[in-house]
1. Every residue in segment 153-165 that is under 14 Å from the mean Cα position of the chain (by Cα) and crowded, with 18+ Cβ neighbours inside 10 Å, please.
2. Touching a residue at least 40 places away in the same chain (Cβ under 8 Å), among the small types (Gly, Ala, Ser), assigned to a helix (DSSP H, G or I) and within 18 Å of residue 77 (Cβ to Cβ): does that describe residue 101?
3. Among the residues of segment 117-132, is any modelled with pLDDT of 95 or more, over 23 Å from residue 59 (Cβ atoms) and of a type in the set (A, V, I, L, M)?
4. Among residues belonging to segment 7-51 that are charged (D, E, K, R) and surrounded by fewer than 17 Cβ atoms within 10 Å (Cβ to Cβ), point out the one that is farthest from residue 219 (Cα to Cα).
5. Within segment 180-197, does at least one residue satisfy the condition of being free of Cβ contacts under 8 Å to residues at least 60 places away in the same chain, surrounded by 15 or more Cβ atoms within 10 Å (Cβ to Cβ), over 19 Å from residue 243 (Cα atoms) and out of contact with any Cys (no Cβ under 7 Å at 6 or more places or on another chain)?
6. When you check residue 143 against the structure, is it surrounded by 15 or more Cβ atoms within 10 Å (Cβ to Cβ), of a type outside the set (Val, Ile, Thr) and either modelled with pLDDT of 95 or more or outside any helix (DSSP H, G or I) (or both), yes or no?
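The values are calculated or read from the model by the stated rules, or taken from the named source; none is laboratory data. Predicted model only: the values in this text are computed from it and were never measured. Cβ placement follows ideal geometry from the backbone for every residue including glycine, while neighbour counts extend to all protein chains displayed.
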Amino acid sequence: MNRLRGWLFAPMPLERVALLRLAVYAFVIVDVVFLHTSGWYHGYADPVWYEPLHIGTIFHLPAATVLLVELLKWGSVVGALVAMTGRYPRAAGWFVALTWAWYQYVAFAYGKVDHDRGDFILALLLLPTVGTAHLHDKRLSEAAGFAIRAVQLGAIATYVLSGVAKLRFGGPEWVNSATLARAVVRRGTPLGEQLLHVPWLLHLSQWLIMAAELLSWTIFFVPERWRRLMVLGWYLFHAATYSAITIAFWPHLVMLLAFLPLEEYRDRLFAWWRARRATAAPDDVPAP
């Protein structure tokens, strides 16, 4: 138990939490204002189509109205803008978690539930628990370590449970089915349609997807260098998926940042930028 606690609460830099928060709250704004992946239009729907999820039944959440949807939509945006400043980290953070999660609930209560948003809601709930964290705060914190570790676990659970769901509903023969071919036919891009001419590649991809999802948990047991390469591999996989069938798990891509030393990458980027500017600047030579 001591080893488990040491792993779950391994101290991490507060600046990493601050950078992850910045990415998370920025995505909330992008998602609500530009991606339109939530059910803002369900405020106009007849309440007869409302089918409360388990959480809606527990908390007696009402059917959507135009006023409710607008309050949740713009409330999450305003809350995210405040949270990005670093002020009131707990109050602003939990306000965003409440409004954005409820905004997603509105969409899910009228249609399918997107599994790529579960780990993002987990991040919205946990990141505020860290409290004040500045962008250049190099202090180590157990609270920061637990929040980041929990987000990592949520992100990997998304992959593992996705593989389990494929086996549960499609059976072991899912890997030999025509799932990807059907996806390309339904919503394929010109690039994706080319894959229909090489069906063995789609077949192989299904085997690779299943293996990658069910073995994703190994990321916690590999050296740091391999961990970063695995994250890069997931990003490349999602980029290929989007280029072939225009499906992107946007909030999940943000959550994968929890595996990376964001402060290290930021410092490298700033150092490169300063060196570039110094090289481009003219020599300070006095005129004759």
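1. Passing the criteria: 154, 155, 156, 158, 159.
2. no
3. Looking for residues that are modelled with pLDDT of 95 or more, over 23 Å from residue 59 (Cβ atoms) and of a type in the set (A, V, I, L, M), one finds at least one in segment 117-132, hence yes.
4. That would be 46.
5. no
6. Criteria met by residue 143.
Yes/no per residue for (1) assigned to a helix (DSSP H, G or I); (2) at pLDDT below 95:
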| position | (1), (2) |
| --- | --- |
| 26 | yes, no |
| 57 | yes, yes |
| 73 | yes, yes |
| 77 | yes, no |
| 87 | no, yes |
